[in-house]
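Each reported figure results from applying straightforward, stated rules to the coordinates on display, with no laboratory input. Computed from a prediction, not measured in an experiment: that's the story for all the values here. Every residue, glycine as well, gets a Cβ built from its backbone with ideal geometry; the counts of neighbours run over all protein chains shown.
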Amino acid sequence: MSEKGFEPKIVGFLCYWCSYTAADLAGISRLKYPPNIRIIRVMCSSRVDPVFIIKALLDGADGVLVAGCKPGDCHYQKGNYYARRKVALTKKILESLGLEPERVMLSWVPASEAPKFAEVVKEFTERIRKLGPNPMKERVFV
Amino acid sequence: MALGVIYTGEPEAAIKDFVKLLMKHKDIQGAVIPVKMEREGSYAFVFTKSPEVVDKSSPIAPVMPVQGARVLSKLTKRKPLTKPAVAVLKPCEVRAARELSKINQVCMESFITVSFDCPGVYPTKSFLKNADALEEEFKKGLKGLSVSGVRPLCESCTYFTGEFADFEVQFAGINEVRIIARSQRAEAILKGLGKAEEVEERDKKAIEAVLEARKKAKEALKTEFAEKVSTPEKLLSVLSSCINCHNCRSVCPICFCRECFFDSDSLKTPPHLYLERASRKGGLRFMPDTLLFHLGRMNHMSLSCVSCGTCEDACPNMVPVSRLFALVSERTRAIFDYVPGIDDRPSPFLEYREEELEEYEMPYYEARS
Ligand code: SF4
Ligand code: SF4
Ligand code: FES
């Protein structure tokens, strides 16, 4: 795939109570954001087992976004704090083995902030576009 | 000074005498201790109430096919023992057991742990090829903690004393065998047995040279191995002989889940999806999901990995998994400044701080504009 024609594939794990609602609102409000993101709704950002992130990265995604409520606002009180620890751990593992931690992003998007959601997706998509296709997704021997 | 008992003679004989002494205490029932299996020639943990079995035991076994923490976990998974048993464990087994107790997988109240200066253990496969000779060498090197040919992670282990057990057995660098009470429970037991003497602790200098050598080996292993897995190509070649048998997970003391994600239906893919993956990638390696398994496990266990080396010992195909996990574990633990089995804090998965790890978050939209 040439750099030019490269359209990043992004998997987004969005928490039901905040970020998914914001994405929904962005849609209803007809806000424009890159169509590169494939959204998977989870009940809370803490539901995202790091294995999901890695599976996506090894099997087709160029980037993975995990988004949840702002710290202090998680519907389950502390889920996003645990999520932050797990994402930090995943990024550190990828970094330790030369596997591009920049392809994983954690962000907080409150339910009412549709423009922020659009902005986050735009920025992440651009970042991944610059990074180029994920070499892992095309490897046979993973 | 500390409460303890002093023995003269060989370390193993001292430990056996001490275990038999503990077993006389009214609140203790039995012992968990490594015993050499007569015909097979390897070693296994035995749970026993009989002093005769303790006489035949080998408290400091030259191999560790089963990690002791798994034994304690198995014994107390359903409920605690009615009275505690003595458990003679290597230092990394004590650390793993303490780590497991934080996540309710071992009931530490059920065990009085005894641990000792550890020279390391041989890889089981190399031991079985040459058992008699290695057994000799092990005995010779024991008191000086200088046994060559042990597991790579043993050579570079810097937590090689029994200080995190209830009773620490010291013998390296000194003439006699000093058994020191390291917990209040241990002190109470000695008092109950009428054996509580004040004894002098070993001077740290006595084991300084061993510690230095281990530290050096650790540095060397780190740099050498980090280089071997520094790019995806290299990592994949290190994992190329992996047959995805999951042995490394089955023997790991830290991997306790009853149902593992990697055995679950989530990874049982229908044929058309295999085909889809294969067309996308140009081909699909079988067994699939090998790298996923290892990277995924690192997420689950690396914060608690005690670098015991048992995973690598159990691997049929010489994949250097324990070195890989030790390397990654050191880096992930550094995020939380956490040392498994030694820290009294809960596992980092069970805690959080409201303000932390900002560097892993994307900055707020507001903050950026
Ligand atoms: S991953 Fe390997 S070295 Fe680490 S605790 Fe498990 S068996 Fe021991
Ligand atoms: S690393 Fe070794 S023990 Fe682990 S799954 Fe692969 S072949 Fe089996
Ligand atoms: S519910 Fe949104 S992060 Fe927990």
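Within the stretch A:127-142, does at least one residue satisfy the condition of being free of Cβ contacts under 8 Å to residues at least 60 places away in the same chain and in contact with a strand residue (DSSP E or B) (Cβ under 8 Å, 6 or more places away or on another chain)?
No, because not a single residue in the stretch A:127-142 is free of Cβ contacts under 8 Å to residues at least 60 places away in the same chain and in contact with a strand residue (DSSP E or B) (Cβ under 8 Å, 6 or more places away or on another chain).
Do we find that B:Arg353 is within 12 Å of another protein chain (Cβ to nearest Cβ) and surrounded by 14 or more Cβ atoms within 10 Å (Cβ to Cβ) in this structure?
On the way: within 12 Å of another protein chain (Cβ to nearest Cβ): yes; surrounded by 14 or more Cβ atoms within 10 Å (Cβ to Cβ): no.
The answer is no for B:Arg353.
On the given criteria, is A:Val64 more than 16 Å from ligand 1 (Cβ to nearest atom) and under 19 Å from B:Asp289 (Cβ atoms)? Don't jump to the end; show me each part of the working.
Details: more than 16 Å from ligand 1 (Cβ to nearest atom): yes; under 19 Å from B:Asp289 (Cβ atoms): yes.
Here the answer is yes, as A:Val64 does meet what is asked.
Being within 15 Å of ligand 2 (Cβ to nearest atom), farther than 14 Å from B:Pro316 by Cβ and either within 14 Å of chain A (Cβ to nearest Cβ) or exposed (fewer than 15 other Cβ atoms within 10 Å of the Cβ) (or both) is the filter here; which residues of the stretch B:241-261 pass it?
Listed by number, the residues that qualify are B:Cys255, B:Cys260, B:Phe261.
Would you mind stating whether A:Gly68 is within 22 Å of A:Asp49 (Cβ to Cβ), of a type outside the set (Ser, Thr, Tyr), surrounded by fewer than 23 Cβ atoms within 10 Å (Cβ to Cβ) and within 11 Å of chain B (Cβ to nearest Cβ)? Give the derivation first.
Details: within 22 Å of A:Asp49 (Cβ to Cβ): yes; of a type outside the set (Ser, Thr, Tyr): yes; surrounded by fewer than 23 Cβ atoms within 10 Å (Cβ to Cβ): no; within 11 Å of chain B (Cβ to nearest Cβ): yes.
It is false that A:Gly68 is within 22 Å of A:Asp49 (Cβ to Cβ), of a type outside the set (Ser, Thr, Tyr), surrounded by fewer than 23 Cβ atoms within 10 Å (Cβ to Cβ) and within 11 Å of chain B (Cβ to nearest Cβ).
I need the full set of residues from the stretch A:68-83 which are within 8 Å of A:Ser45 (Cβ to Cβ) and either among the polar types (S, T, N, Q) or more than 8 Å from ligand 3 (Cβ to nearest atom) (or both), in order please. Before the answer, list the steps.
Taking the stretch A:68-83 first, the residues within 8 Å of A:Ser45 (Cβ to Cβ) are A:68-69, A:74, A:79-80, A:83.
Passing the criteria: only A:Asn80.
Which of the residues spanning the stretch B:11-55 are of a type in the set (Asp, Glu) and either closer than 22 Å to B:Met108 by Cα or part of a helix (DSSP H, G or I) (or both)? Give the derivation first.
As a first pass, look at the stretch B:11-55 and keep what is of a type in the set (Asp, Glu): B:12, B:17, B:27, B:38, B:40, B:52, B:55.
Of everything in the stretch B:11-55, those that are of a type in the set (Asp, Glu) and either closer than 22 Å to B:Met108 by Cα or part of a helix (DSSP H, G or I) (or both) turn out to be B:Glu12, B:Asp17, B:Asp27, B:Glu52, B:Asp55.
One residue is enough: does the stretch B:23-33 have a residue meeting the conditions touching a residue at least 60 places away in the same chain (Cβ under 8 Å) and acidic (Asp, Glu)?
Yes, that holds for at least one residue.
Output the helices (runs of 4 or more DSSP H) that fall wholly within the stretch B:270-339 and possess 2 or more residues being within 16 Å of ligand 2 (Cβ to nearest atom) and within 13 Å of chain A (Cβ to nearest Cβ), or say none.
Details: elements: B:271-281, B:290-301, B:310-314, B:321-336.
By residue number, B:290-301, B:321-336.
Taking the condition of being at positive phi and out of contact with any Cys (no Cβ under 8 Å at 6 or more places or on another chain), how many residues in the stretch B:130-156 meet it? Step through it out loud before you land on a result.
Step one: filter the stretch B:130-156 for residues at positive phi, giving B:145, B:149.
Within this subset, residues satisfying the condition of being out of contact with any Cys (no Cβ under 8 Å at 6 or more places or on another chain) are B:149.
Residues flagged as at positive phi and out of contact with any Cys (no Cβ under 8 Å at 6 or more places or on another chain) within the stretch B:130-156 amount to 1.
Which residue out of A:Ser112, A:Ser29, A:Ser46, A:Ser96 is touching a residue at least 40 places away in the same chain (Cβ under 8 Å) and in contact with a Leu (Cβ under 9 Å, 6 or more places away or on another chain)?
Working: A:Ser29 fails: in contact with a Leu (Cβ under 9 Å, 6 or more places away or on another chain); A:Ser46 fails: in contact with a Leu (Cβ under 9 Å, 6 or more places away or on another chain); A:Ser96 fails: touching a residue at least 40 places away in the same chain (Cβ under 8 Å).
Just a single option satisfies the conditions, and that option is A:Ser112.
Suppose we filter the stretch A:82-99 for residues that are surrounded by 22 or more Cβ atoms within 10 Å (Cβ to Cβ) and either within 16 Å of ligand 2 (Cβ to nearest atom) or aromatic (Phe, Trp, Tyr) (or both); how many remain?
1
Condition (residue is part of a helix (DSSP H, G or I) and within 16 Å of ligand 2 (Cβ to nearest atom)) applied to the stretch B:350-368: is it met by at least one residue?
At the first step, the residues of the stretch B:350-368 found to be part of a helix (DSSP H, G or I) are B:350, B:358-360, B:365-368.
Now narrow it down to the ones that are within 16 Å of ligand 2 (Cβ to nearest atom): none.
The answer is no, given that none of the residues of the stretch B:350-368 is part of a helix (DSSP H, G or I) and within 16 Å of ligand 2 (Cβ to nearest atom).
Step by step: first the residues of the stretch B:262-283, then only those that are small (Gly, Ala, Ser) and surrounded by 11 or more Cβ atoms within 10 Å (Cβ to Cβ), then the one that is nearest to ligand 3 (Cβ to nearest atom). Which residue is that? Outline the logic, then answer.
Just the residues of the stretch B:262-283 that are small (Gly, Ala, Ser), to begin with: B:264, B:266, B:278-279, B:282-283.
Those still in the list that are surrounded by 11 or more Cβ atoms within 10 Å (Cβ to Cβ) too: B:266, B:278, B:283.
Numbers: B:Ser266: 22, B:Ala278: 36, B:Gly283: 38 Å.
The extreme case among them is B:Ser266.
Sort out which residues of the stretch A:120-132 are away from every other protein chain (no Cβ under 12 Å) and in contact with a Phe, Trp or Tyr (Cβ under 7 Å, 6 or more places away or on another chain), and write them in order of number. Steps first, please.
Restricting attention to the stretch A:120-132, the residues satisfying the condition of being away from every other protein chain (no Cβ under 12 Å) are A:125-126, A:128-132.
Matches in the stretch A:120-132: A:Arg129, A:Gly132.
Scan the stretch A:84-119 for residues that are of a type in the set (Val, Ile, Thr), under 18 Å from A:Asp73 (Cβ atoms) and more than 7 Å from chain B (Cβ to nearest Cβ) and jot them down.
Going through the stretch A:84-119, the residues of a type in the set (Val, Ile, Thr) turn out to be A:87, A:90, A:93, A:104, A:109.
Add one more test, that the residue is under 18 Å from A:Asp73 (Cβ atoms), and what stays is A:87, A:109.
Selection gives A:Val109 alone.
Restricting the search to the stretch A:70-115, which residues are assigned to a helix (DSSP H, G or I) and closer than 24 Å to A:Arg129 by Cβ? Give the steps one after another, and end with the answer.
Step one: list which residues in the stretch A:70-115 are assigned to a helix (DSSP H, G or I), which gives A:79-96, A:101-103, A:114-115.
Within the stretch A:70-115, A:Val87, A:Thr90, A:Lys91, A:Leu94, A:Glu95, A:Pro101, A:Glu102, A:Arg103, A:Ala114, A:Pro115 meet the criteria.
Which of the following residues is more than 16 Å from ligand 3 (Cβ to nearest atom), buried (at least 22 other Cβ atoms within 10 Å of the Cβ) and within 14 Å of chain B (Cβ to nearest Cβ): A:Leu57, A:Leu31? Quick ask: steps written out before the conclusion?
Numbers: A:Leu31 fails: buried (at least 22 other Cβ atoms within 10 Å of the Cβ).
Just one listed residue meets the conditions, A:Leu57.
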